[in-house]
1. Considering every residue within the range 99-111, establish whether at least one is in contact (Cβ under 8 Å) with a residue 24 or more places away in the chain, part of a loop (DSSP other than H, G, I, E, B) and open to solvent by 70 Å² or more (accessible area, probe 1.4 Å).
2. Which of the following residues is outside any loop (DSSP other than H, G, I, E, B) and closer than 23 Å to LYS174 by Cβ: ILE146, ILE85?
3. Can you go through ASP56, ASP75 and tell me which one is modelled with pLDDT of 90 or more, open to solvent by 40 Å² or more (accessible area, probe 1.4 Å) and in contact with a Lys or Arg (Cβ under 8 Å, 6 or more places away or on another chain)?
4. Checking the condition more than 17 Å from the chain's Cα centre (by Cα), open to solvent by 80 Å² or more (accessible area, probe 1.4 Å) and of a type in the set (Asp, Glu), which residue from GLU143, GLU121, GLU125 passes?
5. Quick one: ASP132 ticks every box in (1) in contact with a Leu (Cβ under 6 Å, 6 or more places away or on another chain); (2) assigned to a loop (DSSP other than H, G, I, E, B) bar one, so which box is it?
6. Scan the range 1-48 residue by residue and report those that are of a type in the set (Lys, Arg), surrounded by 12 or more Cβ atoms within 10 Å (Cβ to Cβ) and within 18 Å of the chain's Cα centre (by Cα).
7. Take the residues in the range 132-159 that are in contact with a His (Cβ under 9 Å, 6 or more places away or on another chain) and not aliphatic (A, V, I, L, M), then tell me which one is farthest from ILE85 (Cα to Cα).
8. For the range 149-181, give me each residue that is touching a helix residue (DSSP H, G or I) at 6+ places or on another chain (Cβ under 8 Å), open to solvent by less than 40 Å² (accessible area, probe 1.4 Å) and in a strand (DSSP E or B).
Amino acid sequence: LLIKNEMRELNSQIKVIISNHDKLSKVAAQFDVEYRAINMNEDKLLGNNNLKSILDSKSIDLVVLARYMQIIPKDIVDLYRGKMINIHHGFLPAFKGANPYRQAWERGVKIIGATAHYVTEELDEGPIIAQDVSPVTHHHSIEDMIESGRNLERNVLIDAVKAHLEYRVIIHGKRAIVFNK
């Protein structure tokens, strides 16, 4: 997203990267984007209050979750209903939770996928904006599947964010209707 934004392929202004770990601080600095780390390990209520405070102070219009791996509280979900996109490292509704590629490998799946959806109070159940799949065989290792899946995740997330920013998505109940360009 940062590269697409830098190349002016997204109609956006990325105001802040908020993370529950320090892995992205150098990436944020490379793109001159403010970086804020939130400690979710000790006090989740305080961490969620910090998240809400940062979002409010920056007048955020769209929240994109990528590897945040925390449950967003209902009050924040309600504030950003239809304005919070999550990328799921799996072809929903299958393989929810931790280690989806290991789950997929153990089940011998023939395709892996990625899903971008709006966040709702139900974990990974929001209206789906974009999905993609890639075939796999028994020759693929878990690491191969993870690499392929991460490429799918990037593309699906970009497609979903672009569709949202270009006002090509209508939420209709539990569905997202997405119009092509």
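The values are calculated or read from the model by the stated rules, or taken from the named source; none is laboratory data. Just so you know, these numbers come straight off a predicted model, no measurement behind them. A quick note on method: Cβ atoms are made from the backbone with ideal geometry, for glycine too, and the neighbour counts reach across all protein chains shown. Surface areas here come from the heavy atoms of the whole protein model, side chains and all, with no ligands, DNA or RNA. Shrake-Rupley method; radii C 1.70, N 1.55, O 1.52, S 1.80 Å.
1. Yes, the range 99-111 contains at least one residue that is in contact (Cβ under 8 Å) with a residue 24 or more places away in the chain, part of a loop (DSSP other than H, G, I, E, B) and open to solvent by 70 Å² or more (accessible area, probe 1.4 Å).
2. Numbers: ILE146 fails: closer than 23 Å to LYS174 by Cβ.
The match here is ILE85.
3. Numbers: ASP56 fails: in contact with a Lys or Arg (Cβ under 8 Å, 6 or more places away or on another chain).
Result: ASP75 is the single residue among ASP56, ASP75 that is modelled with pLDDT of 90 or more, open to solvent by 40 Å² or more (accessible area, probe 1.4 Å) and in contact with a Lys or Arg (Cβ under 8 Å, 6 or more places away or on another chain).
4. Working: GLU121 fails: more than 17 Å from the chain's Cα centre (by Cα); GLU125 fails: more than 17 Å from the chain's Cα centre (by Cα).
Going through GLU143, GLU121, GLU125 in turn, just one is more than 17 Å from the chain's Cα centre (by Cα), open to solvent by 80 Å² or more (accessible area, probe 1.4 Å) and of a type in the set (Asp, Glu): GLU143.
5. It fails just one condition, (2).
6. From the range 1-48, those of a type in the set (Lys, Arg) are 4, 8, 15, 23, 26, 36, 44; that's our starting set.
Subset that is surrounded by 12 or more Cβ atoms within 10 Å (Cβ to Cβ): 4, 15, 36, 44.
Matches in the range 1-48: LYS4, LYS15, ARG36.
7. SER148
8. VAL169
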